[in-house]
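What follows is one structure encoded as structure tokens, with my remarks underneath.
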Amino acid sequence: ARKTPRRSRARSLRPISKPALRKSSRLERQSYTDLSRARRRGRIRVVAAATSSAMASRVRATVLAVVALALAVAKRRHHPASVAWHAPFFSGGGYCSEATAFVLALDRAGVHVSIDHHGDSQSGPYVTGLPQETLRALMKMNSRQPKGPVEVAVCHSEPGAWHVLNGLSWASSPCPVIRRDGLGPSYVVGRTMFETDRLPDGWPERLNAVDEIWVPTEFHKDIFEKAGVRDVHVVGEPVDTTFFNPNGPRYAIEGVADDVFVVASVFKWEKRKGWDVLLKAWHAAKLPRGSAALVLLTNAYHGDDDFERQADVFVKEQLGDPEGLGALGTVKFLSGLSGEDLAALYRRADLVALPTRGEGWGRPHVEAMASGAAVAATAWSGPTAYLDETNGFPLRWSGPVLVGDGPFADHMWAEPDAEHLAEIFERARNDPSLCAALGAKARKDMVTHWSPEVLAKQVVRHLDRIHLTIEGRHKEKGGRRRRYGPGAEL
């Protein structure tokens, strides 16, 4: 009889039953060292077995084909395509610290990330105050050349700085970067947030001019989608749980003894941050003089930095106490602390109070929690993603109420409950073991859910998904890249 050609014989083989595949041979698995290595990386799962010598060759051929495909997938995922991250890396502030934490974590995870300063002016004092290791890593990524065409660009700033629709709303290096042929990266992600109950005028159109939007919480996803923004994904914000930790020096506060109960607050001096609520609650709290101190680490925001005078006027005119600032007992004002001193301040605080009216995320909140401090914060907007009664003191609020002034006067936000905050002060002062337990749980939650390594894995999963989307687009459009900037179609 005529022999069946090899290809035909392979085609005529009967399918291997699922029960047979499940009866895996230890010897067979050990023979595939590359497969074992891929499995240890958590990239693939392959079940291979041979239940008899007669089936072994057929199973081996099947398994080797699956292994080759799986290793190719694992290799592609282990070496992600080029990502360009545009953010105010050298400015200081919320977007800056968030973007820095993201790119440092992605770089450590093996993602090829190049960065570009974008969205704000550079701050010399901020740059010189950076830890040398962080600065070196940022400068390395800033000078890094993309591997071929940029596949994904992340515009991490206020949308007014994005190079979409009619261009920039203010002077900034563009994102995405447009080449002379009018083409940009294959895919553009916008990362942003807002602190009130709605988006500013013009934002939805600019947000919909990029491929997708990343926001830090479900609170923001709901607001963005109600405004008509498409393709919104929740990607939390990382906190450096190595730098901010409970172990280390405690900040020495001038004139405050080590056994004094300390409430700290970290914020810029503006209405949204609720400094007035903080002072009102401190004034109302029944705390013995000399046994407690309020420490305010603050900086000016579009105003003067005479914080003590403003606080004195507020107590006299708004709280009706002629004694003014003196009626509050021990109150310390600090500014311009280094990162090391900030971490030490969190460790010194028995309680960190942040009665803000709205937050994009709440960077001081998570830094304090990672440091093992008990945190009292308004249970609205950003902090709802990570603060609850098991790891802190959620602060009651009323409203939402009108912002009332400024460019967003018709927006609404929360009005923190000063009386409830005063109660929290008293409870924390009288029960230090409660504060310690809440701080320990807060630390655990930050490490488990919000460390840079955890968020890097989340971002890599999104990049894998985006890569598949790009491949699908290229097949549909013959490899043509999307156009951005003035005149581009949405």
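Sequence-distant or interchain residues sharing an amide H contact under 5 Å with residue 395, placed H: which?
It is 377, 378, 379, by chain and number.
At a Förster radius of 41 Å, what calculated FRET efficiency corresponds to the Cβ-Cβ distance of residue 319 and residue 121, to the nearest 0.05?
Working from the Cβ atoms, E equals 0.60.
Please turn the phi angles of the range 418-426 into ³J(HN,Hα) values with the Karplus equation 6.51 cos²θ - 1.76 cosθ + 1.60 (θ = phi - 60°), one per residue in order, whole Hz, x for glycine and proline.
For the range 418-426, the Karplus-derived couplings read 5, 5, 5, 5, 4, 5, 5, 4, 5 Hz, x marking Gly and Pro.
For residue 144, which sequence-distant residues (separation of 5 or more, or a different chain) have an amide H within less than 5 Å of its own amide H, given hydrogens modelled in the peptide plane?
115
Could you check the spin-label model distance between residue 335 and residue 430? Points 7 Å from the Cα along Cα→Cβ, value in nm.
3.8 nm
So if each residue of separation counts as 0.36 nm, and I subtract the Cα-Cα distance between residue 475 and residue 299, what length gain in nm does that give?
On the way: separation 176, 0.36 × 176 = 63.36 nm, distance 5.22 nm.
58.1 nm is the gain from fully extending residue 475 to residue 299.
Assuming 1.002 mPa s and 20 °C, estimate D for the range 92-134 with Stokes-Einstein, Rh taken as the Kirkwood radius over Cα pairs, in µm²/s.
Numbers: Rh = 11.5 Å.
The Stokes-Einstein estimate is 187 µm²/s.
Among 398, 459, 416, whose Cα sits farthest toward the positive end of the charge dipole of the range 333-490 (+1 at Cβ of Lys/Arg, -1 at Cβ of Asp/Glu, about the Cα centre)?
Comparing the listed Cα positions along the dipole, 459 ranks first.
Could you tell me which of the pairs 273/332; 221/273; 271/316 are separated by over 20 angstrom between their Cα atoms in the structure shown?
On the way: 273/332 17 Å; 221/273 22 Å; 271/316 18 Å.
Where the Cα-Cα span goes over 20 Å, the pairs concerned are 221/273.
With a ≥ b ≥ c taken as the square roots of the eigenvalues of the C-alpha gyration tensor of the range 148-258, please select rounded if a/c is under 1.5 and otherwise prolate if a/b is larger than b/c or oblate if it is not? Present the calculation step by step, with values, prior to reporting the outcome.
Details: a/c = 2.38, a/b = 1.82, b/c = 1.31.
Here the range 148-258 falls in the prolate category.
Sort the following peptides by mean Cβ neighbour count (other Cβ atoms within 10 Å, averaged over residues), highest first: 255-268, 329-342.
Packing proxy ranking, top to bottom: 255-268, 329-342.
Fully extended, how many nm does the chain gain between residue 410 and residue 462 (0.36 nm per residue separation, minus their Cα-Cα distance)? Write out the running numbers ahead of the final one.
Numbers: separation 52, 0.36 × 52 = 18.72 nm, distance 3.52 nm.
That pair, residue 410 and residue 462, stretches by 15.2 nm at full extension.
Which order, highest average first, do 285-294, 98-107 follow once you tally other Cβ atoms within 10 Å for each residue and take the mean per peptide? Please list the in-between numbers first.
Details: 285-294: 16.1, 98-107: 23.0.
Most protected by this proxy first, the peptides run 98-107, 285-294.
What is the range 252-342 by shape, rounded, prolate or oblate, if you read a ≥ b ≥ c off the alpha carbon gyration tensor as root eigenvalues and call it rounded for a/c under 1.5, prolate for a/b larger than b/c, and oblate otherwise?
The shape class here is oblate.
Looking at the P(r) of the range 99-175, how many percent of alpha-carbon pairs lie beyond 20 Å? Display every interim value, and only then the final one.
Values: 1121 of 2926 pairs.
For the range 99-175, the share of Cα pairs beyond 20 Å comes to 38 percent.
Bear in mind that the values in this text are calculations on the coordinates, not laboratory data. Not measured: the values here are computed from a predicted model. Quick reminder, even Gly has a Cβ in these numbers, built from the backbone with ideal geometry, and neighbours come from all protein chains shown.
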